[in-house]
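Please treat every number below as a calculation from the coordinates, not as lab data. Being a predicted model, the structure only gives us computed values, none of them experimental. Using ideal geometry, Cβ is built from the backbone for each residue, glycine included, and neighbour counts are taken over all protein chains shown.
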Amino acid sequence: MTSTTAGSNIREAILDAALELMAEHGAVGMSMRQLANRVGVQVAAIYHYFPSKDALLATVVAERQYGTRLGDPLPVDAEGTPADRVRSLFAAVWEGSLEEEAIWRVVLIEGLRGEAAVLPVGKGLIELLYPAARLWIERFLPEIQNPDAASRLFVGQLLAGFVRRIFEPDLDPSLIQAPLADALVDAFFPGSPPRA
């Protein structure tokens, strides 16, 4: 193994362990010593890669490449009814977001605490979500007259779902997702038949 490979493996191990620890203890509650112990390195090794905890947190989020990943194809049947497309779109985004729940948990909880290091990271994530939601709505729900307003409702429902996950972590995520999607259907297409 070359030193470059070893260095990138250590860096990746630090990022993975940092996300785990932040999800367990919060960004504030995670110490660099805990992180070093989890990875099996000296604290100085962490500071070699990341000059501060703030830089570490920003890198944990940046490495996830959300800006690129939000453009990935979504499994929405373009031939479905408008209500079906809303539900399918919201379900696809919800499932993808659940795969990143550790990040959302850290950002939302620490953001609610007003943690300065997390605020720009959370703001950046939300700033990525609005244009992505607008593009999804324009693509899959062209009947909607005001895609800006619809994207704000869509993102709001997604964030509301994550807040509920924080307070009810044992609740089946589908029991959170379905009513949120149904509310979007009611807002976007009043009078649509209820879910079958």
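Some observations on this one:
- The chain, relative contact order in percent, only Cα pairs under 8 angstrom and at least six apart counted: 20
- Subtracting the Cα-Cα distance of ARG195 and GLU127 from their residue separation scaled by 0.36 nm leaves 21.4 nm.
- Separation of the ARG139 and ASP54 label points, Cα + 7 Å toward Cβ, nm: 3.5
- Per-bin percent of Cα-Cα distances, region 3-60 [10 Å]: 26, 63, 11, 1
- Nearest 10 degrees, 0 to 90: helix 3-29 Cα axis against the chain principal axis: 70
- Helix 101-112 axis, angle to the chain major axis (alpha carbon atoms, nearest 10°): 90
- Shape category assigned to region 91-196 from the gyration tensor of Cα positions, a/c cut at 1.5: oblate
- Normalised by the number of residues in region 3-60, the mean separation of alpha-carbon contacts (under 8 Å, six or more apart) gives a relative contact order of 37 percent.
- Helix 147-167 vs. the chain, principal-axis angle (Cα, 0 to 90°, nearest 10): 60
- Cα-based shape type of the chain, given that a ≥ b ≥ c are square roots of the gyration tensor eigenvalues and the cut on a/c is 1.5: prolate
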